[in-house]
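I have placed the structure first, in the form of structure tokens, so that the comments after it can refer back to it.
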């Protein structure tokens, strides 16, 4: 198989960045080592596909590749080769390739909590924008990944073993209170340095998956809690889920839908003061209205009816 990144990804040199991204996602899902354990051939192809996308996955770095400033492995062209290309006669003497782009392992989803969803941006080591590198040691470039984590793992903290495009693994600690878009830095886990220079860092951008019931607002966690009609009227103690487990809360007598109760300290922990959990009440009618309930409500309406919309009418 050719090492040309366009050929590896199966796209034309005129493909759009979106077409390149889609091609990479499709191949990464098919070939990822976690999905095909023990398949050495798929693992090697996965490495090649990841390396190819690192070169042409970002428009700026793709342009550097097309101008020949970096080769298909993402390495800077030596100065003498750069000089030769610029003086070797016409456009045919200028074949170009690229290094530090956007990478994306694709959203593999499912139970693969240790798989990166998107490898967004990778900056190549050394050099400057388009110029040949000087000799001597140079630090490696940083690598930026995006990792999807569950809502509760971000709130409570967790550890993940993640698989890199080269087949290596990293144990990543996700601190309690990590927010969507947070960056975690892994020293020395980026691109290797040149001629003995230090390795770059891996920067992991956290993408927090939505939770079916909780949502985060700053340091607070918001939950909409269904309650029955009798709980709203009579009040009582109810069980409420929180990020740290279930607790018991008192619903005041005469509560209405939209009333908000606060559980102190049950929000997001981590750096700074702990947030609260805000519980928004929602009255839910019984699944069926039997004859007894209907008779009771008709009698109650006749003797105690009230108009909760009176203020709305007066305002119009």
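No value in this document is a laboratory result; all are computed from the given coordinates. If you're wondering where the values come from, they're calculated on a predicted model, not measured in any experiment. All Cβ positions, even for glycine, are placed from backbone atoms using ideal geometry, and neighbour counts span all protein chains on display.
The distance between label points at residue 14 and residue 67 comes to 2.3 nm (points 7 Å beyond Cα on the Cα→Cβ vector).
Packing order of peptides 306-312, 172-178, 229-235, highest average first: 172-178, 229-235, 306-312 (average count of other Cβ atoms within 10 Å over each peptide's residues).
Tell me, what is the FRET efficiency for residue 182 and residue 257 to the nearest 0.05, using R0 = 41 angstrom and their Cβ-Cβ distance as r? Intermediate values should be presented prior to the final figure.
Numbers: r = 34 Å, r/R0 = 0.84.
Efficiency for this residue pair is about 0.75.
Let a ≥ b ≥ c be the square roots of the eigenvalues of the Cα gyration tensor of segment 214-315; is it rounded (a/c under 1.5), or, if not, prolate (a/b larger than b/c) or oblate? The shape class here is prolate.
Ranked by the mean number of other Cβ atoms within 10 Å per residue, highest first, peptides 143-149, 37-43 order as 143-149, 37-43.
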